[in-house]
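*Asks:* Quick one: the structure is below, questions incoming.
Rule-based calculations on the coordinates, nothing more; no lab input. Just so it is clear, the structure is predicted and the values come from calculations on it, not from any experiment. Here Cβ is always computed from backbone atoms with ideal geometry, including for glycine, and neighbour counts include all displayed protein chains.
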């Protein structure tokens, strides 16, 4: 083990630990390997979700700066008119 890699503990209730043990036997992997794999996959998933969130916010701000957004309240009010005798036009974009 290098100096830069240090163990990290995780507390599991007995039921989860038992499930993990059974899965490790079925997969012919150690419990440690399964936990490490799960954590690494979770980190990658959350990093990707955060990246997409930041990209979406950046695009939204760019659209808002160009006055090309409609607030949620206006959209919901417009959608509520769909299929009625009083259907309204699309709400205008606003800043």
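*Asks:* Neighbouring Cβ atoms within 10 Å as the yardstick, rank 10, 5 fewest first.
*Replies:* Lowest count first: 5, 10.
*Asks:* Run the helix sum for the chain: -39,500 (n - 2.57) per DSSP H stretch of 4+ residues, divided by residue count, reported at 222 nm to the nearest 500 deg cm²/dmol.
*Replies:* So the helix-based figure for the chain works out to -21000 deg cm²/dmol.
*Asks:* Ranked by Cβ crowding within 10 angstrom, fewest neighbours first, how are 76, 31 ordered?
*Replies:* Exposure proxy ranking, most exposed first: 76, 31.
*Asks:* Next question, about the same structure. Roughly how tilted is helix 14-27, in degrees to the nearest 10 and between 0 and 90, from the longest Cα axis of the chain?
*Replies:* 80 degrees
*Asks:* Still on this model: Estimate the FRET efficiency between residue 27 and residue 4 by the formula 1/(1 + (r/R0)^6), using the beta-carbon distance for r and 25 Å for R0, to the nearest 0.05.
*Replies:* Computed FRET efficiency for residue 27 and residue 4 comes out at 0.35.
*Asks:* Round to a whole angstrom and tell me the spacing of the C-alpha centers of region 75-95 and region 1-48.
*Replies:* Value for the Cα centre distance between the two parts: 50 Å.
*Asks:* Along the Cα→Cβ direction, 7 angstrom out, place labels at residue 90 and residue 55. What is the inter-label distance in nm?
*Replies:* Spacing of the two 7 Å Cα→Cβ label points: 2.4 nm.
*Asks:* Order of 4, 18, 74 from fewest to most other C-beta atoms within 10 Å?
*Replies:* Ranked by crowding around the Cβ, least crowded first: 4, 18, 74.
*Asks:* Compute the Cα gyration tensor for the chain, then decide on rounded, prolate or oblate, letting a ≥ b ≥ c be the square roots of its eigenvalues: rounded whenever a/c is under 1.5, prolate when a/b is larger than b/c in the other cases, and oblate in all that remain.
*Replies:* Prolate, since a/c reaches 1.5 and a/b exceeds b/c.
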